[in-house]
Amino acid sequence: MRILIVGTGYVGTTTGLIFCEMGHQVTGLDLDQRKIEALQAGKLHFYEPGLEELLEKHIQAGNISFTDNTKKAIKKNDVIFICVGTPMQEDGSADLTYVKNVAESIGKYMKEYKVIVTKSTVPVGTAEQVTEWIRAGQKEPVPFDVVSNPEFLREGSAMYDALHPDRIVIGTISEKARASMRELYQGFQCPILETNPKASEMIKYAANSFLAMKISFINELSRLCDRLGINVNDVSRGIGLDHRIGPHFLRAGMGYGGSCFPKDVNALLQTAAANGIPLTILEKVVQVNAEQSLYLLNKIKHSLGGDLTNKSVAVLGIAFKADTDDTRESPSLVIMDYLLKEKAHVRTHDPVVKLEGYPLGANCRQFATTAETVSGADAVVLCTDWDEYKRLDWPAIKLLMKQPHIFDGRNMIDKTAVESLGFHYTGFANH
Ligand code: UGA
């Protein structure tokens with residue numbers, strides 16, 4: 001099948017390459033000329049482990065090509081995946097401007113039947129809207145079907161997740177489109193859930209919201225565990241072994257970030273409010289998550305004598321999680337912001353992210369090595385769970401620091417080991 005992927009972010013690019021792996025011919029369309037040039041040259045414009053090798057392979061084999069020619073791209077492909085961004089607006093709802101633009105272009109340029117698939121995370125009812133936008137773009141009626149087919153891959157393990165999904169969700173009312181989607185996903189070893197577009201759209205929001213809820217649940221519980229001297233990691237393991245609960249997304253820490261959970265939870269809350277059905281549990285999920293960085297800040301402040309003025313704090317990790325260069329809604333940026341407001345001097349490091357602009361400034365500098373970053377610091381705050389930070393040479397770091405304080409924002413290092421070196425360790429109920 002000839003597949004067009006509109007939008008070459010990490011979802012679009014990964015999806016396109018996975019379809020190449022399954023034997024399809026793929027075109028990637030983006031209006032950003034620089035992205036197209038980079039991708040066509042086999043270079044990713046974002047960091048995603050393993051994906052560049054796959055890109056090179058399929059570029060060389062001629063299975064994928066990239067273009068900014070919307071008209072040609074729409075004409076020559078049978079199935080069109082919309083993978084453009086749906087950023088959060090002021091009121092928390094998803095901005096569908098890019099989706100609308102794509103839908104109108106499809107209407108304008110299509111000359112024969114197409115299956116149009118929304119893979120971008122879009123609010124309930126968007127498939128119907130896309131149908132209207134396509135119709136509005138058409139000069140003469142040409143048949144088409146719209147399918148909702150949400151994506152569940154994670155940044156940092158995008159390729160593995162896309163190749164080994166837990167399930168594939170296909171939401172459409174058209175038998176013809178459903179048959180095309182079945183053919184497209186032939187060869188994937190997972191359940192395929194067929195439903196209508198609205199339910200499919202809701203599944204995506206419900207999945208991300210549920211995972212965010214698990215994180216906020218364990219994070220809030222970790223505060224109580226802290227007070228009671230209980231190790232929350234043991235509690236996570238203890239409840240996670242119950243197969244009805246499951247072990248995942250129960251790692252306590254400084255909260256969730258990224259381009260998905262914060263945006264999607266807010267968008268679902270917005271949908272709920274607009275329909276007069278408040279989702280109170282989810283409101284608390286957001287609140288707990290927002291409090292978590294502040295909770296850590298207060299611990300840092302308390303341990304450093306109640307005043308952070310001119311204290312030097314090394315913040316290790318800027319990305320919202322390991323194996324990505326994405327800093328959107330990163331708890332690390334939140335903690336840096338708090339520290340700067342408390343007049344601390346921030347020294348930061350990340351193996352992949354290169355900060356530009358705020359929070360960089362006279363009181364916030366980024367360093368190339370962890371050794372430089374911790375030099376003279378009163379405290380180290382571990383914010384991103386990079387493997388590199390799990391293997392730090394703590395005896396060497398202790399010699400470089402002014403005061404031996406470690407704040408483990410991800411409960412990721414061995415407390416007993418660093419305490420035996422003379423560090424003061426603080427995690428999230430990591431007793
Ligand atoms: C998330 C979902 O996991 C994907 O299934 C979904 O496709 C994607 O959003 C999306 O909608 O596009 P992602 O944002 O890449 O994926 O990252 P996650 O691995 O889910 O982590 C999100 C945040 O939760 C990170 O800040 C992470 O550090 C935090 N987290 C995760 C915890 O604090 N504790 C945990 O136990 C797990």
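The values are calculated or read from the model by the stated rules, or taken from the named source; none is laboratory data. As the structure is a prediction and not an experimental result, all values here were calculated from the model. Don't worry about glycine lacking a Cβ; one is built from the backbone with ideal geometry, like all the others, and counts go over all protein chains shown. Just the protein is used for accessible areas: all its heavy atoms, side chains included, with ligands, DNA and RNA removed. Shrake-Rupley method; radii C 1.70, N 1.55, O 1.52, S 1.80 Å.
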Name, by its number, the condition in (1) modelled with pLDDT under 95; (2) in a helix (DSSP H, G or I) that does not hold for L269.
-> (1)
Only one of (1) assigned to a helix (DSSP H, G or I); (2) open to solvent by less than 50 Å² (accessible area, probe 1.4 Å) is not met by V315, so which one is it?
-> (1)
Selection from the range 73-126 of residues modelled with pLDDT of 95 or more, over 24 Å from C20 (Cβ atoms), surrounded by fewer than 16 Cβ atoms within 10 Å (Cβ to Cβ) and more than 16 Å from the ligand (Cβ to nearest atom) yields T97, K108, K111, G125
For the range 127-151, what are the residues that are in contact (Cβ under 8 Å) with a residue 24 or more places away in the chain and surrounded by fewer than 17 Cβ atoms within 10 Å (Cβ to Cβ)?
-> E128, R135, A136, Q138, K139, V142, P143
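Out of the residues in the range 338-357 that are of a type in the set (D, E, K, R) and closer than 22 Å to Q403 by Cα, state the one that is surrounded by the fewest Cβ atoms within 10 Å (Cβ to Cβ). Break it down stepwise before answering.
Restricting attention to the range 338-357, the residues satisfying the condition of being of a type in the set (D, E, K, R) are 341-343, 347, 350, 354, 356.
Narrowing further to those that are closer than 22 Å to Q403 by Cα: 341-343, 347, 350.
Values: K341: 10, E342: 16, K343: 12, R347: 22, D350: 25.
Restricting to residues being of a type in the set (D, E, K, R) and closer than 22 Å to Q403 by Cα, the top hit is K341.
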(1) more than 19 Å from the chain's Cα centre (by Cα); (2) not in a loop (DSSP other than H, G, I, E, B) all hold for E52 apart from (1)
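Of the residues that sit in the range 155-177 and are open to solvent by 40 Å² or more (accessible area, probe 1.4 Å) and touching a strand residue (DSSP E or B) at 6+ places or on another chain (Cβ under 7 Å), which one is farthest from the ligand (Cβ to nearest atom)? Steps first, answer last, please.
The first filter runs over the range 155-177 and keeps only residues open to solvent by 40 Å² or more (accessible area, probe 1.4 Å), leaving 159-160, 163-164, 166-167, 173, 175-176.
Applying the additional criterion that residues be touching a strand residue (DSSP E or B) at 6+ places or on another chain (Cβ under 7 Å) yields 167, 176.
On the way: R167: 11, K176: 27 Å.
Of everything passing the filter in the range 155-177, K176 is farthest from the ligand (Cβ to nearest atom).
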All-but-one check, Q292 against (1) closer than 22 Å to Y425 by Cβ; (2) surrounded by fewer than 17 Cβ atoms within 10 Å (Cβ to Cβ); (3) of a type in the set (S, T, N, Q), failing number (2)
Checked pairs for the range 387-413, first within 18 Å of N298 (Cβ to Cβ), second open to solvent by 70 Å² or more (accessible area, probe 1.4 Å) and not in a loop (DSSP other than H, G, I, E, B), C-beta under 6 Å and 6 or more apart or across chains, list as H405/H424
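Among the residues of the range 300-338, write down those that are of a type in the set (K, R) and touching an Asp or Glu at 6+ places or on another chain (Cβ under 9 Å).
Just the residues of the range 300-338 that are of a type in the set (K, R), to begin with: 301, 311, 321, 328.
Those that are of a type in the set (K, R) and touching an Asp or Glu at 6+ places or on another chain (Cβ under 9 Å): K301, K311, K321.
With the condition kept exactly as written, say whether any residue in the range 358-369 is at pLDDT below 95 and either open to solvent by less than 40 Å² (accessible area, probe 1.4 Å) or more than 27 Å from S420 (Cα to Cα) (or both). Reasoning before the result, please.
From the range 358-369, those at pLDDT below 95 are 358; that's our starting set.
With either open to solvent by less than 40 Å² (accessible area, probe 1.4 Å) or more than 27 Å from S420 (Cα to Cα) (or both) added as a condition, the list becomes 358.
Yes.
Within 16 Å of the ligand (Cβ to nearest atom) and either basic (K, R) or over 29 Å from E21 (Cα atoms) (or both): which single residue out of K139, K198, K204 fits that description? Give the steps one after another, and end with the answer.
Values: K139 fails: within 16 Å of the ligand (Cβ to nearest atom); K198 fails: within 16 Å of the ligand (Cβ to nearest atom).
Only one candidate passes the filter, namely K204.
So that you can scan it fast, the table gives a plain yes or no per residue for (1) closer than 27 Å to C383 by Cβ; (2) polar (S, T, N, Q):
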position: V265; (1), (2): yes, no
position: L268; (1), (2): yes, no
position: T280; (1), (2): no, yes
position: E283; (1), (2): yes, no
position: Q287; (1), (2): yes, yes
Residues of the range 9-31 being outside any helix (DSSP H, G or I), farther than 11 Å from F81 by Cα and open to solvent by less than 40 Å² (accessible area, probe 1.4 Å), which ones?
-> G9, H24, D30
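Matching residues to (1) under 23 Å from A94 (Cβ atoms); (2) assigned to a helix (DSSP H, G or I); (3) modelled with pLDDT under 95:
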| residue | (1), (2), (3) |
| --- | --- |
| V146 | yes, no, no |
| F152 | yes, no, no |
| Y160 | no, yes, no |
| D166 | no, no, no |
| K204 | yes, yes, no |
| S216 | yes, yes, no |
| E220 | no, yes, no |
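Just to confirm my filter: which strands (runs of 3 or more DSSP E) fall fully inside the range 333-431 and include at least 1 residues that are within 16 Å of the ligand (Cβ to nearest atom) and either within 27 Å of E220 (Cβ to Cβ) or among the charged types (D, E, K, R) (or both)? Please lay out each step first, then the result.
Numbers: elements: 345-349, 364-366, 379-382, 405-408, 424-426.
Answer list for the range 333-431: 379-382, 405-408.
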Could you run through the range 1-29 and say how many residues are under 17 Å from K72 (Cβ atoms) and in contact with a helix residue (DSSP H, G or I) (Cβ under 7 Å, 6 or more places away or on another chain)?
-> 10
Might you check whether a residue that is near the ligand (Cβ under 9 Å from one of its atoms), open to solvent by 30 Å² or more (accessible area, probe 1.4 Å) and among the hydrophobic types (A, V, I, L, M, F, W, C) occurs anywhere in the range 240-254?
-> yes
